[in-house]
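Structure record follows, encoded as structure tokens.
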Amino acid sequence: MSNLPTNSRHQAGLTALYLGFFATVWFSVPAAEQPWRALLVVGSVASMITAVVGGVVSGRPRGAAGGAGDRATNRRYVLIVVVEFAAAGVGAVLLAAAGWSEYIPVLVCAVVGLHFFPLAPLLRDPLLRPLGIAMCVLAAAGLVVALASAVSAGVVVGTGAGVLLLGYAVQALVRAPRRG
């Protein structure tokens, strides 16, 4: 959320914190029987641990100033996230009103995927684009599977989004520099 380069520990920590948290949320979407339920719990726990590690790593660097560039970047970040939540919320309400609640995870996954595209240049993290593409492809796959089989879209999208976000959060921590 700051104007720091993608190779900063602070930025990597924030990425792991946010995406680890949201991976936990996505792993809670599917209603699954054993043994899948146990795997989803393991994914949730791993995601929460990743989020906590991200929170520790993102501790404000010594001597970091919150300048005007940071404020402008933060405003754009908040605007992108507000638009994302509004689009997902309005879409979810419309789908529920139409009696298509089972497709809400598909819509939310697509909106989340799309929001990574404006975030990539803002956060100076070009790897957010492939994540956005993967989330959009996952949303489409969840829709196709739900329409063509008895498997719910929530199982496909919830599990897949949890894995994608957890994987991205972990790689952000791995590629973060040891200092700075």
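Odds and ends about this structure:
- Nearest-20 debye value, the chain charge dipole, Cβ charges on Lys, Arg, Asp, Glu: 880 debye
- Rounded percent of accessible protein surface that carbon and sulfur make up, the chain, 1.4 Å probe: 73 percent
- Taking trypsin sites (Lys or Arg not before Pro) in DSSP loop states with no more than 12 other Cβ atoms inside 10 Å as exposed sites, the chain has its longest site-free stretch at 63-174.
- Dipole of region 62-180 [Lys/Arg +1, Asp/Glu -1 at C-beta], most positive-end residue of 146, 161, 131: 131
- What separates the Cα centres of region 87-111 and region 126-165 is a distance of 14 Å.
- For mean projected area of the Cα convex hull in nm², calculated from these coordinates, the label among [x] 9.2; [y] 13.9; [z] 10.3: [z]
- Using a Gaussian network model of the chain in which every pair of alpha carbons under 10 angstrom is joined by a spring, one finds that among 161, 88, 16 the greatest mean-square fluctuation is at 88.
- For the chain, a Gaussian network of Cα nodes joined below 10 Å ranks 122, 14, 79 by mean-square fluctuation, and the top entry is 79.
- Ranked order, 136, 109 - accessible area, probe 1.4 Å, largest first: 136, 109
- Considering only 137, 170, 93, the mean-square fluctuation computed in a Gaussian network model of the chain, springs between alpha carbons under 10 angstrom, is largest for 93.
- Helix 9-27 vs. the chain, principal-axis angle (Cα, 0 to 90°, nearest 10): 10 degrees
- The chain: angle of helix 68-97 to the longest principal axis, Cα-based, in degrees nearest 10: 10 degrees
- On Cα atoms only, tilt of 104-122 relative to the major axis of the chain in degrees: 20 degrees
- Restriction of the chymotrypsin sites (Phe, Trp or Tyr not before Pro) in region 10-117 to DSSP coil positions whose beta-carbon has at most 14 other beta-carbons within 10 angstrom yields 100.
- Relative contact order of the chain: 36 percent, from C-alpha pairs under 8 Å at least 6 residues apart in sequence.
- A simple spin-label model places pseudo-atoms 7 Å from Cα toward Cβ; at residue 72 and residue 97 they are separated by 3.9 nm.
The values are calculated or read from the model by the stated rules, or taken from the named source; none is laboratory data. Predicted, not measured: the structure shown is a model, and the values here were computed from it. All Cβ positions, glycine included, derive from the backbone under ideal geometry; neighbour counts span all protein chains shown. To get the accessible areas, we keep the full protein, side chains included, count just its heavy atoms, and leave off ligands, DNA and RNA. Shrake-Rupley method; radii C 1.70, N 1.55, O 1.52, S 1.80 Å.
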